[in-house]
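Just below is one structure, and these are the notes that go with it.
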Amino acid sequence: MNIPLPHDVSSHRHVEERRAGFRTVNGVLTYLVAHDIQLPVRARWGARKGDLEWHRPNRPSLYNLFVNPIYAGVYAYGVRQVDRRRQRPGRPGTGRGSPRPENAEVFLLDRMPAYITLEHYQRKRGADRGEPC
């Protein structure tokens with residue numbers, strides 16, 4: 001069953017409201033699964049590439065929704081910087097540090113449609129660093 005909302009932004013805002021009530025990604029996931037609420041996902045390949053599909057929510061997708069600045073309408077570049085000292089020869093994906101939006105090379109507000117509020121994003125980032133919500 002798809003959540004009866006007019007647009008995929010509405011379902012993301014519904015998730016944000018649940019997150020405020022439950023305070024954990026697992027709590028939101030449990031709620032969404034128990035109420036058979038699906039989330040919009042863009043097809044990445046095949047004949048329906050780029051089309052909006054509805055999928056059962058999963059923990060990594062929900063976590064990404066709460067910590068990725070793009071969902072708060074922010075264009076950010078250089079969030080996950082590479083530490084050359086930690087790179088291994090022949091392994092191009094190594095040496096990447098944890099995402100740090102506050103150290104991003106570019107951080108432009110209100111450049112994209114926001115699924116969650118900037119305040120919610122900033123609270124979540126503070127909670128990830130051990131600060132009180």
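Values as computed for the structure displayed
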| item | result |
| --- | --- |
| Among (1) over 11 Å from the mean Cα position of the chain (by Cα); (2) over 21 Å from residue 112 (Cβ atoms); (3) surrounded by fewer than 14 Cβ atoms within 10 Å (Cβ to Cβ) - the single one residue 59 does not satisfy | (1) |
| Count of the stretch 86-102 residues which are in a strand (DSSP E or B) and either at positive phi or of a type in the set (A, V, I, L, M, F, W, C) (or both) | 0 |
| Pair list, Cβ under 7 Å, 6 or more apart: the stretch 103-116 residue touching a residue at least 60 places away in the same chain (Cβ under 8 Å) and within 9 Å of residue 71 (Cβ to Cβ), other residue basic (Lys, Arg) and not in a loop (DSSP other than H, G, I, E, B) | 115/13 |
| Residue 93 surrounded by 12 or more Cβ atoms within 10 Å (Cβ to Cβ), of a type in the set (Gly, Ala, Ser), free of Cβ contacts under 8 Å to residues at least 24 places away in the same chain and not assigned by TED's automatic domain parsing to the domain that holds residue 37 | no |
| Filter result for residue 109 (under 17 Å from residue 24 (Cα atoms) and of a type in the set (A, V, I, L, M, F, W, C)) | no |
| Test set (1) surrounded by 15 or more Cβ atoms within 10 Å (Cβ to Cβ); (2) touching a Leu at 6+ places or on another chain (Cβ under 8 Å); (3) not polar (S, T, N, Q) - residue 109 fails condition number | (1) |
| Boolean, residue 71 is surrounded by 11 or more Cβ atoms within 10 Å (Cβ to Cβ), within 26 Å of residue 41 (Cβ to Cβ) and aromatic (Phe, Trp, Tyr) | yes |
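Rundown of residues vs (1) in the same structural domain as residue 124 (by TED's automatic domain parsing); (2) of a type in the set (A, V, I, L, M, F, W, C); (3) farther than 26 Å from residue 125 by Cβ; (4) at pLDDT below 85, yes/no style:
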| site | (1), (2), (3), (4) |
| --- | --- |
| 9 | yes, yes, no, yes |
| 20 | yes, yes, no, yes |
| 25 | yes, yes, no, yes |
| 48 | yes, no, yes, no |
| 97 | no, no, no, yes |
| 100 | no, no, no, yes |
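The values are calculated or read from the model by the stated rules, or taken from the named source; none is laboratory data. Everything numeric here is computed off the predicted structure, so don't read it as measured data. All Cβ positions, even for glycine, are placed from backbone atoms using ideal geometry, and neighbour counts span all protein chains on display.
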